[in-house]
Amino acid sequence: MSDTPAPAALPQIPVTVLTGYLGAGKTTLLNRVLTENHGKKYAVIVNEFGEIGIDNDLVVGADEEVFEMNNGCICCTVRGDLIRIIGGLIKRKDKFDAILVETTGLADPAPVAQTFFTDDDVKKRTRLDSIVTVVDAKHVGLRLEDADEAEEQIAFADVILLNKTDLVSKEELAKIEARIRTINPFAKVHHTVRSNIDLDQILDRGSFDLNRIIGLDPDFLEGGHDHHHHHGHHEKEGANPLHDEEIRSLSVMLDKPVDPAKFSDWISGLLLAEGQNILRSKGILNMAKSDQRYVFQAVHMVSEGSFTGPWPTKDKRKSRLVFIGRKLNEAALRDGFAACAA
Amino acid sequence: MAEKGETAGKRRAKVVTRKYDAYVVAAHVNGRLFGVGFGDGNVRLVDSENIDADPTTVEAHNGAVLSLAPDINPGFFLSGGDDGKVMRVGPPAVSEVIAEEKGRWIDHVTTHADSGTRVYSVGKDATILNKKGVRKLKHPTGVGGLAINPKGKRLAVSHYNGVSLWWLGAEGNATVLEWKGSHLDLAWSPDGDYVISIMQENSLHGWRLSDNEHMRMTGYGAKVRSMAFTRRGHFLATGGADAIICWPFTGGGPMGRAPLEFGYAGGAPVTAVASNPRHDVLAAGFEDGTVLIGQPGPATPALIVMGNPSAQNCAVTAMVWNTDGDRLLAGCEDGTLHVADFRL
């Protein structure tokens with residue numbers, strides 16, 4: 001054994017992905033990140049150079065080139081241009097603190113997110129921090145009717161800016177927020193006007209950091225109250241076959257401890273078979289014979305999980321998994337998870 | 001503490017090590033000079049005849065060097081930067097703009113001295129600069145790599161789902177070698193019959209042009225990152241494993257044959273390989289900064305020539321031999337630059 005300390009891990013640059021339908025207010029937000037005095041230097045990867053009225057050599061144009069990885073995973077699409085751009089950015093001497101990736105209004109966020117879990121170099125030097133979706137409160141209702149992308153962008157989000165709230169009534173706003181919650185119960189929703197928000201609320205959140213997931217939603221295991229209201233709502237909706245293509249979320253709970261091997265077999269089989277329909281999943285698990293909380297998260301089939309620290313003594317240990325997706329078979333998910341009991 | 005892989009052999013070279021504050025992006029040789037491109041935008045020129053002399057620093061780019069090649073005249077280099085410039089760089093500290101694409105990145109450059117050809121790529125376009133003038137070639141997706149064949153007649157351009165082969169001397173459409181996936185760096189075999197691409201997945205794909213035979217070279221545990229044919233083309237040496245992987249290209253190519261492995265150095269993956277131009281010797285650089293040399297074959301021990309086991313983030317990112325094959329330059333992610341002289 002040597003006396004030299006273990007090599008320090010390379011600093012991983014946090015990456016925030018900014019999505020949102022055309023005209024929702026992404027560019028306004030982007031311009032704020034680039035111009036406001038927040039003491040941090042951002043490299044910004046944009047799709048439409050012209051929209052950003054700022055001459056900054058850390059603004060890089062991207063081509064949004066999606067391709068399928070030949071890794072046996074049929075839904076594992078990644079952004080080749082992002083791999084190339086990030087490879088170039090990390091060579092620069094004048095370093096930056098964080099990266100912001102803007103996607104076009106019509107983009108599916110999955111390939112962007114999957115890039116950060118798939119490529120060795122990207123994984124080594126960067127970490128996906130959060131997916132932030134800007135939603136136009138006035139027009140989102142229509143968008144959700146006619147564009148899958150609008151729904152997907154909400155489904156993938158960790159943070160949602162419900163923007164242009166000054167253009168709708170209180171009642172309309174409540175209705176829209178309820179609709180958003182049906183699709184995505186994880187995301188932190190902020191009401192904004194002209195994308196005006198404290199940037200700390202959207203940057204460096206650690207939404208994919210297994211060690212921070214619990215802190216972001218301390219009530220996760222208490223699913224069913226507060227903003228998780230909607231569950232009752234779509235149980236009714238589940239009876240309507242016309243809504244099968246709609247994205248919704250559902251959660252499954254287990255009071256008994258979970259057998260790690262059974263869970264691993266079940267979840268990997270489930271994501272392999274249903275990974276195209278399951279957009280995101282997250283869970284906190286009470287594994288049998290462990291004092292540590294197990295945290296799990298996945299984007300389509302790309303999943304990760306680890307023990308993240310001891311259970312607080314006052315808490316009742318239990319397990320909960322939340323899925324966001326299409327054609328979710330509630331009974332099968334419930335039975336499958338129940339069968340993972342130790 | 002024992003140096004990693006010390007059992008493999010003793011140092012038998014004079015090594016000069018320098019440390020810069022920027023990522024070593026690429027290294028090439030032209031005449032007696034080594035040219036090294038850095039993430040601080042500089043190209044540093046190292047005199048292979050006098051490795052103790054301080055390298056000449058040429059400020060080539062306002063940003064990072066992204067690509068480098070030996071230029072078409074001896075002693076000069078062609079560099080591409082994220083400032084959108086293609087620069088010609090040479091001693092004592094000359095830098096001259098060859099082309100400029102405002103607001104874009106020059107992702108790749110390559111050259112062929114005998115035919116006086118320079119090629120660079122920006123996004124989906126590759127541009128040929130030669131005696132016939134300027135010609136822009138369009139591709140369906142972003143260019144992953146460029147390589148001109150040894151005779152200087154054809155240009156291979158990699159992109160998604162294949163490689164386009166263009167004739168440098170004639171107009172006309174490309175011949176597309178198709179294979180699904182994202183293709184990155186390219187190499188031609190010395191006889192010009194094989195085109196090989198490093199893929200985004202941990203694998204290589206090759207095409208034999210004489211009969212359009214495909215070659216899949218898989219089984220890697222890491223990204224391949226680097227490849228080089230041995231001087232007569234008997235082997236294709238690659239990174240991507242904890243030893244040098246050598247695919248046999250004698251007797252019909254590597255199809256259905258297992259590669260030769262040699263040069264294990266403690267478990268870190270190989271991140272750069274360089275083929276000696278005069279001898280059947282390969283150099284390999286590892287993710288932990290180790291550099292070793294050896295002959296392809298199971299019996300010969302590899303010789304550790306450089307390394308810094310206490311350094312961090314010191315993956316070898318670029319490596320090149322001088323034209324006489326008795327000096328070796330290796331550069332690392334953390335800015336370390338070694339030059340070894342084997343004339344002892």
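The numbers here are math on the coordinates, done by the rules we state, and not lab data. Please read these numbers as outputs of a predicted model, since none were measured by experiment. FYI the Cβ positions are ideal-geometry reconstructions off the backbone, even for glycines, and counts take in every protein chain you see.
About its Cα centre, the dipole of the protein assembly as shown is roughly 1180 debye, where the only charges are +1 on Lys and Arg Cβ and -1 on Asp and Glu Cβ.
Quick note on segment A:13-207: its Rg to Rh ratio, both from C-alpha atoms and Rh being the Kirkwood radius, is 0.96. Look at the stretch A:78-87: the mean tally of other chain Cβ atoms within 10 Å of its residues' Cβ atoms is 4. As a proxy for reagent exposure, ranking B:MET199, A:MET301 by other Cβ atoms within 10 Å from fewest up yields A:MET301, B:MET199. With each pseudo-label sitting 7 Å past Cα toward Cβ, what's the A:SER303-B:HIS279 distance in nm, one decimal? In this crude label model, A:SER303 to B:HIS279 measures out at 5.3 nm.
With R₀ fixed at 45 Å, the C-beta to C-beta distance from B:VAL16 to B:ASP125 puts the FRET efficiency at about 0.65.
Short-range pairs are left out: with C-alpha atoms under 8 Å and at least six residues apart, the relative contact order of segment A:13-207 is 28 percent. Roughly how far apart, in whole Å, are the Cα centres of segment A:261-289 and segment B:164-201? Here the answer is 41 Å between Cα centres. Exposed loop sites were defined as GluC sites (Glu not before Pro) in DSSP loop states (anything but H, G, I, E or B) carrying at most 16 other C-beta atoms within 10 Å; in chain B the longest segment without such a site runs B:172-344. Estimated from helices alone, the mean residue ellipticity of chain A at 222 nm is -8500 deg cm²/dmol (sum of -39500 (n - 2.57) over DSSP H runs with n ≥ 4, per residue). Legend: translational diffusion of chain B by Stokes-Einstein, Rh = Kirkwood radius over C-alpha pairs, 37 °C, 0.692 mPa s; D = 163 µm²/s. Remark: for residue pairs B:LYS85/B:LYS153; B:LYS132/B:LYS180; B:LYS136/B:LYS223; A:LYS26/A:LYS282, the C-alpha separation exceeds 28 Å in B:LYS132/B:LYS180; B:LYS136/B:LYS223. Once R0 is set to 35 Å, what does the formula 1/(1 + (r/R0)^6) return for the Cβ-Cβ distance between B:LEU344 and B:LYS151, expressed as a FRET efficiency to the nearest 0.05? For R0 = 35 Å, the calculated efficiency reads 0.40. Here chain A is assigned +1 on the Cβ of each Lys and Arg and -1 on the Cβ of each Asp and Glu. Its dipole about the Cα centre then comes out at about 1040 debye.
Report the paramagnetic label zone for A:ASP121: residues of segment B:181-204 whose backbone N is under 11 Å from a point 7 Å from Cα along the Cα-to-Cβ axis. Within reach of a label on A:ASP121: B:184-185, B:200. Computed from label points 7 Å out along Cα-Cβ, the spacing between B:THR250 and B:THR175 is 2.8 nm. What's the exposure ranking of B:HIS234, B:HIS139, B:HIS108, going from fewest to most Cβ atoms within 10 Å? So the ranking, lowest neighbour count to highest, is B:HIS234, B:HIS139, B:HIS108.
Segment B:28-56 and segment A:153-186 have Cα centres lying 57 Å from one another. DSSP beta bridges fully contained in chain A are about 50 percent antiparallel. For segment B:199-256, the list of trypsin sites (Lys or Arg not before Pro) that fall in a loop by DSSP and count at most 14 other C-beta atoms within 10 angstrom reads B:ARG232. Enumerate by residue number the trypsin sites (Lys or Arg not before Pro) in segment A:286-342 meeting two conditions: DSSP loop (anything except H, G, I, E, B), and at most 10 other Cβ atoms within 10 Å of the site's Cβ. Within segment A:286-342, the qualifying trypsin sites (Lys or Arg not before Pro) (loop, at most 10 other Cβ atoms within 10 Å) are A:LYS289, A:LYS314, A:LYS316. Within 10 Å of each candidate Cβ there may be at most 12 other Cβ atoms; applying that plus a DSSP loop requirement, which trypsin sites (Lys or Arg not before Pro) in segment A:68-148 survive? For trypsin sites (Lys or Arg not before Pro) across segment A:68-148 that sit outside H, G, I, E and B with at most 12 neighbouring Cβ atoms in 10 Å, the list reads A:LYS95. Restricting the calculation to Cα atoms, chain A shows an Rg/Rh of 0.96 when the hydrodynamic-style radius is the Kirkwood one. Over all other residues within a Cβ to Cβ distance under 12 Å of A:SER169, the charged ones net out to 0, with Lys and Arg as +1 and Asp and Glu as -1. So the label point goes 7 Å from the Cα of B:VAL97 along Cα→C-beta, right? Which residues of segment B:52-73 then have their backbone N under 13 Å from it? Only B:61-62 fall inside the zone, counting backbone N under 13 Å. Efficiency by 1/(1 + (r/R0)^6): what FRET value for A:ARG194 and A:GLU330, r their Cβ-Cβ distance, R0 = 41 Å, to the nearest 0.05? FRET efficiency, A:ARG194 to A:GLU330: 0.55. Extension gain for B:VAL134 to B:LEU260 (0.36 nm times residue separation, less C-alpha to C-alpha distance): 41.1 nm. Here the gap between A:ASP291 and A:LEU272, fully extended at 0.36 nm per residue and compared with their Cα-Cα distance, gives a gain of 3.9 nm. One quarter of the surface of the convex hull around the alpha-carbon atoms of the protein assembly as shown equals 32.9 nm², the direction-averaged projected area.
Note on chain B: dipole from Cβ charges, positive end direction compared against B:ALA93, B:LEU129, B:HIS338; the farthest Cα belongs to B:LEU129.
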